[in-house]
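In what follows, a structure is listed as structure tokens, so that the remarks can point back to it.
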Amino acid sequence: YSDINSAFRIVKKEVRDAILPRLGTMPTLLNAEFLIRAAYKNYRIKEVSVVHRKRMHGVSRGLPPSKFLNECIRAYKAMLILKSEYK
């Protein structure tokens, strides 16, 4: 997938209702977890190009570099949990 953690989604209600209650394994990557669970359940996923524009005001409130390594480790552990769930 091009942007696994993108928050831009159009989702059918039945897909949302089936997946939302199961989220929580990857709290900082919730959108990624949603996509992964949908893919494992064989829901049809279509990507559409999105044009990104420069930020006009404010600054990004993304992950600080000092927390990056810890979040990578947490994400890896969460991926192992998801993988074991869908075996």
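The values are calculated or read from the model by the stated rules, or taken from the named source; none is laboratory data. Since the structure is predicted, the reported quantities are computational estimates derived from the model, not experimental observations. For neighbour counting, all protein chains shown are included, and Cβ atoms are generated from backbone atoms with ideal geometry for every residue, glycine included. When the accessible area is computed, the model is the full protein with side chains, heavy atoms only, and any ligands, DNA or RNA have been set aside. Shrake-Rupley method; radii C 1.70, N 1.55, O 1.52, S 1.80 Å.
Just a few scattered comments:
- Odd one out for Lys77, checked against (1) in a helix (DSSP H, G or I); (2) touching a Phe, Trp or Tyr at 6+ places or on another chain (Cβ under 9 Å); (3) without any contact (Cβ under 8 Å) to a residue 24 or more places away in the chain: (2)
- Just one of the listed residues (Ser2, Ser66, Ser49) is under 15 Å from the mean Cα position of the chain (by Cα) and among the hydroxyl-bearing types (Ser, Thr, Tyr), and it is Ser2.
- Tally of residues being outside any helix (DSSP H, G or I), surrounded by 10 or more Cβ atoms within 10 Å (Cβ to Cβ) and under 14 Å from the mean Cα position of the chain (by Cα) across segment 5-16: 4
- Matching option when the condition is charged (D, E, K, R) and touching a residue at least 40 places away in the same chain (Cβ under 8 Å), among Arg53, Arg22, Arg37, Arg44: Arg37
- Residue in segment 17-60 that is nearest to Lys87 (Cα to Cα), counting only those that are open to solvent by less than 100 Å² (accessible area, probe 1.4 Å), part of a helix (DSSP H, G or I) and not aliphatic (A, V, I, L, M): Arg37
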